[in-house]
1. Just give me the residues in region 84-125 being among the small types (Gly, Ala, Ser), crowded, with 19+ Cβ neighbours inside 10 Å and within 22 Å of residue 312 (Cβ to Cβ), in sequence order.
2. Looking at this structure, is residue 464 charged (D, E, K, R), without any contact (Cβ under 8 Å) to a residue 60 or more places away in the chain and either assigned to a loop (DSSP other than H, G, I, E, B) or open to solvent by 10 Å² or more (accessible area, probe 1.4 Å) (or both)?
3. State which residue pairs qualify: first residue within 7 Å of residue 607 (Cα to Cα) and crowded, with 24+ Cβ neighbours inside 10 Å and inside region 516-529, second residue of a type in the set (D, E, K, R) and modelled with pLDDT of 95 or more in any location, beta carbons under 6 Å apart, and separation of 6 or more residues or different chains.
4. Quick one: which of 554, 532 is of a type outside the set (Asp, Glu), open to solvent by 20 Å² or more (accessible area, probe 1.4 Å) and either farther than 20 Å from residue 503 by Cβ or at pLDDT 95 or above (or both)?
5. Would you please name the residue that is least open to solvent (accessible area, probe 1.4 Å), looking only at residues in region 439-461 that are in a helix (DSSP H, G or I) and free of Cβ contacts under 8 Å to residues at least 24 places away in the same chain?
6. Please list, ordered by first then second residue, the pairs with beta carbon atoms under 6 Å, 6 or more apart or interchain, first in region 23-44 and open to solvent by less than 30 Å² (accessible area, probe 1.4 Å), second among the hydroxyl-bearing types (Ser, Thr, Tyr) and not in a loop (DSSP other than H, G, I, E, B).
7. Show the residue pairs that are 6+ apart or on different chains and have beta-carbon atoms under 9 Å apart, the first residue being within region 188-205 and assigned to a helix (DSSP H, G or I), the second being of a type in the set (S, T, N, Q) and open to solvent by less than 80 Å² (accessible area, probe 1.4 Å).
8. Quick test for you: out of 13, 72, pick the one residue that is within 19 Å of the chain's Cα centre (by Cα), open to solvent by 10 Å² or more (accessible area, probe 1.4 Å), farther than 26 Å from residue 156 by Cβ and not charged (D, E, K, R).
Amino acid sequence: MPRDSRFDILFEPVKIGPVTAPNRFYQVPHCTGMGYQLPATLAAMRGLKAAGGWGVVNTEYCSIHPSSDDIPHPFASLWDEGDVRNMAAMADAVHEHGSLAGTELWYGGIRSSNNLSREVALAPSSFPAAESPWQCAKMDLDDIRAFRGWHRAAALRAKQAGLDVVYVYAAHTYILNQFLDRDMNPRSDEYGGTLLQRARLLREVLAETRDAIGDRCAIALRIEVDNEDGGGFEERAELLADLAPMVDLFDVTIADYSQEMGGSRHFTEASLEPRIAHVRRVTGKPVVSVGRFTSPETMLSQVKRGVLDFIGAARPSIADPFLPLKIAEGREDDIRECIGCNICYAHNSRGAAIRCTQNPTMGEEWRRGWHPETIAIARKREEVLVVGAGPAGLEAGLMLARRGHEVKIADAGQAPGGRLQWETKLPGLTEWGRVRDWRLHQISKLANIEMFRDSRMAAEDVIDLGIANVVIATGSRWRSDGRGRSIRAPIASYDDARTLTPEQVLAANVIGPAVVFDDDLYYLGPAIAEHLARRGAEVTYVTSGGKVAEWSELTGEQPRVHARLLELGVRVIVNSLVSGLKPGAAVLACVYSGAEREIAAGCFVPVTSRDGDDALYHALKGRGLASLSLIGDARAPGLIVHAVYAGHKLAREFGEGEVTVRRERALS
């Protein structure tokens, strides 16, 4: 299908200093959980994005020296010749498809604990290092000269590796931004004073980077348009104008990372525009920024209105590495839109390779050889019955059909989607429905897959169909008896008319004060509390964690989730269990002391753990089927990302025998 000519402007080449990007699709530097430890994995992933049409593909933050070490969070590095070889592999993979390759030179300063290198971190002033009970050293003039030398050397290594775009990184509270910040930089020497004076080191680094590599590499500056306190908008604009002659490309953002990286529960597409729209006018240079852009229409609007020259993307390029190519080919309906769940970010935060709820191939490009757009046709085509049309069942059915199998999906519900049918009705979770909607749309394009709704299957129903290959993806149900992370045995008093499972909340008529007990520690407990509060209930949120939605710290959402409950008047009680119910009350127990107290409870919602719905699977075992598989929440209740991955893996491996999974090993 031909491209809509309105989008032609997105595919125009754009000059960035001495290099030219083939189009306006720009994968900004983003974390991967891979870093220098997994160079082949990283090169394969970045190369695939270039194959998908991203005109510029950057690395994650790239350390310039061992005293900038972010372990346990993986990072890239350009410390030595070994790093140059690893970086060259990534650059070559990107260049193979005609795209530009870039890197973001990084020094952490206060943000580096140096857990691996054990070097002393340097910063404009001595403050506690990130997440650690020790401090960095205040830089003297010798330290500043050393830092400038390290940065120049890393820039030269980037050039040697064949990179086209090299970043000077003055954002996200790393060292150059620490010098810009008046609170982190109270110095009285030539590197302190007014903002323009505090920018002296930034100017020196920009000049030295241009002198070292500016003949062949574009110099990009990642910088915030406001100060760390959210103010200083005008003085920052003056600074941007002052720096413009030294910069080929401005990559701009805001100080509030919880908005820049904000999930769909709190921010819509293009949320940064009101804060960054002036930069192109102020600087006269090309500008890129992010906004979790998933709509081609929004992208077009950003460029046509002069807000941006490049459509910056991290998460959308993870959810669909082939997004640009799909627009180029007039296949906008095939775009696998980011849902804004931030599961990618969460796994980098845990020191693991990123993954994606929408794109189960992310991170598996090298290890398993998976491709987001292609899947091998089966050597022998089979008939397969998938029972359950939740995230796992839909993904399994779709991918089995793409492999050429004849697929039937039977679901007990009137509408497919499984858990998504009710979870996406909770506040802030609407966009998560894209997981269901994209798969249903893709299924509608295939002739070799049928879906049967309102079709609850018993074992005899399955056997009577005569289909020899069966996949059970029947999901899970939340427990009502309290068992979970903190409580292992059922609590008898939970068996009470006031107790509602999470699945029952939306249809319930809540009477009296509601208590939500969150032992799951992620999104569902707070979402239910918010739902009840918005319906006018008096709500107390009780959690075994030390804060609301504790696991959401990994997705970057925790502060906003916590703040939203407080804004809605929800009473928050942390470090507590609901140890039982009494007439009109819930009994709370401190997780540390065991001390008990009572609060009013007219309604009680425990969000603790789930039971996989595996009865059909066990009823079919030994019934003579050629293959029988149990996947997703039915096998091991997890997040939506786990369910989609399980369905995809089943489809890839169905009928393939032994599967080889490669491992990267470091050699000295």
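The values are calculated or read from the model by the stated rules, or taken from the named source; none is laboratory data. What you see is a predicted model; the values in this text were computed from it and never measured. Every residue, glycine as well, gets a Cβ built from its backbone with ideal geometry; the counts of neighbours run over all protein chains shown. Heads up: the accessible areas ignore ligands, DNA and RNA and are worked out on the full protein's heavy atoms, side chains in. Shrake-Rupley method; radii C 1.70, N 1.55, O 1.52, S 1.80 Å.
1. Scanning region 84-125 gives 91, 93, 99, 101, 102.
2. It is true that residue 464 is charged (D, E, K, R), without any contact (Cβ under 8 Å) to a residue 60 or more places away in the chain and either assigned to a loop (DSSP other than H, G, I, E, B) or open to solvent by 10 Å² or more (accessible area, probe 1.4 Å) (or both).
3. Qualifying pairs under 6 Å: 525/518.
4. The conditions single out 554.
5. 461
6. Close Cβ pairs (under 6 Å, with a partner that is among the hydroxyl-bearing types (Ser, Thr, Tyr) and not in a loop (DSSP other than H, G, I, E, B)) amount to 27/317; 34/41.
7. Correct list of pairs: 195/227; 198/185; 202/177.
8. Unique residue meeting the criteria: 72.
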